[in-house]
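Quick notes on the structure that follows.
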Amino acid sequence: MAKNDKIPLEKKDDTIYTFSVRAEKQLIEQIDKLSNETGYSRNNLIVKALEYYVSHVEIVEKK
């Protein structure tokens, strides 16, 4: 490649963010077990669970 040749590179559209979650050891162990049994990563399983929850949650007023 010649010195003046440029490689086009578009700016990345950052739509994925990292955040920290604290959970009980037993829950993490269950997620790890599912991960080992299915081949899905821990992150992938947690994202799937969050997507399901967000699409099925119903906010109700306090009694």
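Read-outs: derived from the displayed coordinates by stated rules, not from any lab. In this text the structure is predicted, and so the values were computed from the model without any measurement. Methodologically, a virtual Cβ is constructed for each residue, glycine included, from the backbone with ideal geometry; neighbour enumeration extends over all protein chains shown.
Structure above, values below:
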item	result
LEU50 vs. criteria in contact with a helix residue (DSSP H, G or I) (Cβ under 7 Å, 6 or more places away or on another chain) and surrounded by 10 or more Cβ atoms within 10 Å (Cβ to Cβ)	no
Residues of the range 26-58 satisfying the condition of being farther than 25 Å from THR15 by Cβ and not in a helix (DSSP H, G or I)	GLU58
From the options ILE16, ILE31, ILE7, ILE59, residue that is touching a helix residue (DSSP H, G or I) at 6+ places or on another chain (Cβ under 6 Å) and on the phi < 0 side of the Ramachandran plot	ILE31
